[in-house]
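Peer 1: First the structure, then my questions, so here it is.
The values are calculated or read from the model by the stated rules, or taken from the named source; none is laboratory data. This one's a predicted model, so the numbers in the text were calculated from it and none came from an experiment. So basically every Cβ, Gly included, is an ideal-geometry build from the backbone, and we count neighbours across all protein chains shown. Surface areas here come from the heavy atoms of the whole protein model, side chains and all, with no ligands, DNA or RNA. Shrake-Rupley method; radii C 1.70, N 1.55, O 1.52, S 1.80 Å.
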Amino acid sequence: MEIQILPLAEKKQPITDESKLAFGTQFTDRMFVMEYTAGQGWHSARIQPYGPFTLDPACAVLHYAQEIFEGLKAFRRPDGRIALFRPEENVKRFNRSARRMCMPEVGEDFFLGAIKKLVELESDWVPKSEGTSLYVRPTMIATDPYLGVRPSNTYLCYVILSPVGAYYKGGLAPVKIWISDEYIRVAPGGTGEAKTGGNYAASLRASMEATAQGFDQVLWLDAVNRKYVEEVGSMNICFLYDGKIVTSPLKGTVLDGITRRSVLTLCRELGYEIEERALSIDELLEGAENGRLQEAFGTGTAVVISPVGQLTYRDRTVTLSEGKFGELTLKLYETLTGIQYGRLPDNHGWVELL
Ligand SMILES: Cc1ncc(COP(=O)(O)O)c(C=O)c1O
């Protein structure tokens, strides 16, 4: 399928002050769009001016949330070139999410090519300052104008781009985590492993309560026992416990994070033993109190690495790494961002240069 490039009548104001860039508030001039019709497959691929869609109010996604998305970043390197970080992994995960949500898969090479083409056309929008990037958001929605509950026969797939600011403007800051024993994110057999909007809608209530109490993020426990650590906010979570890296196994309720995978690879290379196992809340809090838990950090595309400074469960609060960031946490942050921005060699073939 060919991608039609439609003319751009008007260019928006370029980024004037990169220090004022936030997350996901500003969008570039163009977007990629393609449509799917059962029996015909994907068609009408185009790069067109960014703008609203016209959707039927009965459209399936608006009622039953049949939708998926992805999130990856393009980085500006010192030589001016643009790098995508492991984009083929995002495309593969997009298709895994599509299968779980009964949606059509995209051609991996075609879709990756479309993302690259769009970023290339919009390359003026990739910011240059330290820590900034261009966030890439592939999305697919169900568009049948039908109120029955069944998979749609028509879909819209699009990619939008948003220049984003440095997450840690004042340096790498440890976060305060609230461990919820009331709310859960997903349950076994549910859609936790898919990147689908409903999971995030379900997380809002707990996040809102956490923020109201002065916390930064929610740590999700497993839905069955309300006992084992799964994820934190929209991130995977890893612990340096007894000198080993401990993280929740991928068993359907945890997103298979690309940052998580990269961190586990780097930790293995640094000589750490990796334990993908259930870690109970008691083991976690006791470890923080008796020093066996040395460091904890979230991993995800938006923040890369987020050090955990404090954990609160019911009326018990523990502090980690004296509320600062740990040595390993900082090393991983610097290694990953070093590879992404081209300050360090890419020995794993993770970077795709445009
Ligand atoms: C629920 C959840 N867990 C983990 C992650 C981290 O995944 P990745 O490292 O691929 O960004 C994300 C973000 O994409 C997420 O939304």
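Peer 1: Enumerate the pairs (first residue in the range 111-137 and in contact (Cβ under 8 Å) with a residue 12 or more places away in the chain; second residue anywhere and basic (Lys, Arg) and open to solvent by 30 Å² or more (accessible area, probe 1.4 Å)) with beta-carbon separation below 7 Å, excluding pairs fewer than 6 apart on the same chain, so at least 6 apart or on different chains.
Peer 2: Going by the 7 Å Cβ cut-off, the qualifying pairs are Leu118/Arg30; Leu121/Arg30; Glu122/Arg30; Val126/Arg76; Pro127/Arg76; Lys128/Arg76.
Peer 1: Same structure, new question: Working carefully through the options Gln310, Gln217, find the one that is within 16 Å of the ligand (Cβ to nearest atom) and among the polar types (S, T, N, Q).
Peer 2: After applying the criteria, what remains is Gln217.
Matching residues to (1) in a helix (DSSP H, G or I); (2) among the polar types (S, T, N, Q); (3) surrounded by fewer than 18 Cβ atoms within 10 Å (Cβ to Cβ):
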{"site": "Ala296", "(1), (2), (3)": "no, no, no"}
{"site": "Ala302", "(1), (2), (3)": "no, no, no"}
{"site": "Thr317", "(1), (2), (3)": "no, yes, yes"}
{"site": "Arg343", "(1), (2), (3)": "no, no, yes"}
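Peer 1: On to the next question. Taking interchain pairs and intrachain pairs at least six residues apart, which have beta carbon atoms under 9 angstrom, with the first residue in the range 259-277 and at positive phi and in contact (Cβ under 8 Å) with a residue 24 or more places away in the chain and the second within 15 Å of the ligand (Cβ to nearest atom) and part of a helix (DSSP H, G or I)?
Peer 2: Close Cβ pairs satisfying both conditions: none exist.
Peer 1: Oh, and also: Within the range 46-81, count every residue that is buried (at least 19 other Cβ atoms within 10 Å of the Cβ), within 23 Å of Trp125 (Cα to Cα) and more than 16 Å from the ligand (Cβ to nearest atom).
Peer 2: 2
Peer 1: Could you figure out which of (1) more than 22 Å from the chain's Cα centre (by Cα); (2) open to solvent by 40 Å² or more (accessible area, probe 1.4 Å) isn't true of Phe23?
Peer 2: So the condition that Phe23 fails would be (1).
Peer 1: If you take the residues in the range 220-264 that are closer than 20 Å to Gln340 by Cβ and among the small types (Gly, Ala, Ser), which one is farthest from the ligand (Cβ to nearest atom)?
Peer 2: Going through the qualifying residues, I end up with Ser262.
Peer 1: Another question, if that's okay. Looking at (1) under 28 Å from Ser234 (Cα atoms); (2) in a strand (DSSP E or B), find the lone condition where Tyr36 falls short.
Peer 2: (1)
Peer 1: When the range 320-354 is examined, which residues are found to be of a type outside the set (A, V, I, L, M), modelled with pLDDT of 90 or more and in contact with a strand residue (DSSP E or B) (Cβ under 8 Å, 6 or more places away or on another chain)? Spell out how you get there, then give the answer.
Peer 2: Restricting attention to the range 320-354, the residues satisfying the condition of being of a type outside the set (A, V, I, L, M) are 321-327, 329, 331, 333-335, 337-338, 340-343, 345-350, 352.
Narrowing further to those that are modelled with pLDDT of 90 or more: 327, 329, 331, 333-335, 337-338, 340-343, 345-350, 352.
Within the range 320-354, Glu327, Thr329, Tyr333, Thr337, Gln340, Tyr341, Gly342, Trp350, Glu352 qualify.
Peer 1: Identify the single condition in (1) in the same structural domain as Glu35 (by TED's automatic domain parsing); (2) under 20 Å from Val61 (Cβ atoms); (3) within 15 Å of the chain's Cα centre (by Cα); (4) open to solvent by 20 Å² or more (accessible area, probe 1.4 Å) that Met101 does not satisfy, given that it satisfies every other one.
Peer 2: Among (1) in the same structural domain as Glu35 (by TED's automatic domain parsing); (2) under 20 Å from Val61 (Cβ atoms); (3) within 15 Å of the chain's Cα centre (by Cα); (4) open to solvent by 20 Å² or more (accessible area, probe 1.4 Å), the lone unmet condition for Met101 is (3).
Peer 1: So in the range 217-269, with the set limited to residues that are among the polar types (S, T, N, Q) and surrounded by fewer than 18 Cβ atoms within 10 Å (Cβ to Cβ), which one is farthest from the chain's Cα centre (by Cα)? Reasoning before the result, please.
Peer 2: Of all residues in the range 217-269, those among the polar types (S, T, N, Q) come to 217, 225, 234, 236, 247-248, 253, 259, 262, 265.
Remaining after also requiring surrounded by fewer than 18 Cβ atoms within 10 Å (Cβ to Cβ): 225, 265.
Values: Asn225: 26, Thr265: 18 Å.
For the range 217-269, the residue satisfying everything is Asn225.
Peer 1: In addition: Identify all residues within the range 218-260 that are among the β-branched types (Val, Ile, Thr) and over 26 Å from Phe85 (Cα atoms); write none if there are none.
Peer 2: Start the filter on the range 218-260 by keeping residues that are among the β-branched types (Val, Ile, Thr), which leaves 218, 224, 229, 232, 237, 245-247, 253-254, 258-259.
Correct list: Val218, Val224, Val229.
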